Amino acid sequence: MGTLERIQVEIENRSLTGGGWASGNSRRAGIETTCYALMALHDRRSIARDRGIDLLFRTQNADGSWPAFVGDDPDGCWTTALVAIALRFLGARTAPIEKSIRWLLGNKGREGHWFWKWKFRTVDRAVQFNPDKYGWSWFPNTVSWVVPTAFSVIALEQYTPCCRTQPMIRIQLGKDMLRDRSCPQGGWNAGNGIVFGSALIPHIDTTAIALIALTAESDSVVVPGLNWLRAARMNCSSAYSLAWSAIAFSVHVDANAHRCIADLRRMLWAPNAISNVEALSLAVIAIKTAERIGNPFEVVI
């Protein structure tokens, strides 16, 4: 049994009897964790995979959104974009995806409202960003953050049948927001690049996810972001962050993808091997992406 198949079997064995996968020691299915696991199992036929897909269908809110965990309130959150990406990759029926796309188009970071634009321009100057450039939030009625915006941009770009005038405007706004929030030294922090006049330190996984959404090498923030990520990955001991880095490098056809994969493979065979489902799943996704077997975050124009 090869490395990938061994990990896939391990992921399947960790599925919940009611469908889906939990984060950590929880017994409640997490939507994010379930999406990563299903992406890792997209080419396998198993009861765990089928139950996971069924759980996503069952937990979609009436407005087209998804909660963070099974049983959460029906307001929906950032996982909606991630589910849309996962279901498309799995070849699932399109009706739930269409509903989620409509939900994404109807949501925006709070700074997109006129009052909050005024507030961030005149009163609240602690953070330095352009409120005209907004994306998506973790939860409704909060400000934009990098990761939800990146996933939403990818989901909208992937679902081309819906991408007419309004979606294209939102995609552009989302990308503008990512450019505006980049850190001065390259890369991305969670939300803003500068706070109280000081540059924030970028995060590896956040930077990688932003780079997956911004695929044009001509983009002004891509080269500094890749340069920062190349340096940061050298001392990275997190399988989760290395996997995201490998995916980003693969998207940008950068040789560091294979260096990240080599580090991941060593971690997978270590005595204290990766234990959480998210990192295991992302390791599979990263390896398959690097080997051109399948990338769930790919946008084909």
Next item on the list: Return an integer: the convex hull volume of the alpha-carbon atoms of the chain, in Å³ per residue.
Entry: 133
Checklist line | Solvent-accessible ranking of SER46, SER245, SER237, SER23, largest area first, probe 1.4 Å | finding: SER237, SER23, SER46, SER245
Check: Accessible surface of ASP73 in the full protein assembly, 1.4 angstrom probe, to the nearest 10 Å²?
Finding: 100
Notebook entry, point to check: All other residues with a Cβ under 15 Å from the Cβ of THR17 taken together, and with Lys, Arg as +1 and Asp, Glu as -1, what is their net charge?
Noted result: +3
Notebook entry, point to check: Round to a whole number: what % of the accessible area of the chain belongs to carbon and sulfur, probe 1.4 Å?
Noted result: 53
Check: Ranked by accessible surface with a 1.4 Å probe, highest first, in what order do HIS252, HIS42, HIS258, HIS203 come?
Finding: HIS258, HIS203, HIS42, HIS252
Check: So what is the relative contact order of the chain, in percent, for Cα pairs below 8 Å that sit 6 or more residues apart?
Finding: 15
Margin query: Keeping every protein chain present and rolling a 1.4 Å probe, give me the accessible area per residue for the chain in Å².
Written below: 43
Margin query: Can you list which of the DSSP-assigned H helices in the chain have a Cα extent of 24 Å or more along the long axis and an average Kyte-Doolittle score of at least 0.0?
Written below: none
Item checked: Amide H contacts under 5 Å for ALA22, placed H, 5+ residues apart -> LEU16, GLY30
Next item on the list: Working with all protein chains in place, sort GLU278, GLU291 by solvent-accessible area computed with a 1.4 Å probe, largest first.
Entry: GLU291, GLU278
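The values are calculated or read from the model by the stated rules, or taken from the named source; none is laboratory data. Computed from a prediction, not measured in an experiment: that's the story for all the values here. Cβ coordinates were reconstructed from backbone atoms using ideal geometry, including for glycine residues, and neighbour counts include every protein chain displayed. Heavy atoms of the whole protein, side chains included, go into the accessibility calculation; ligands, DNA and RNA do not. Shrake-Rupley method; radii C 1.70, N 1.55, O 1.52, S 1.80 Å.
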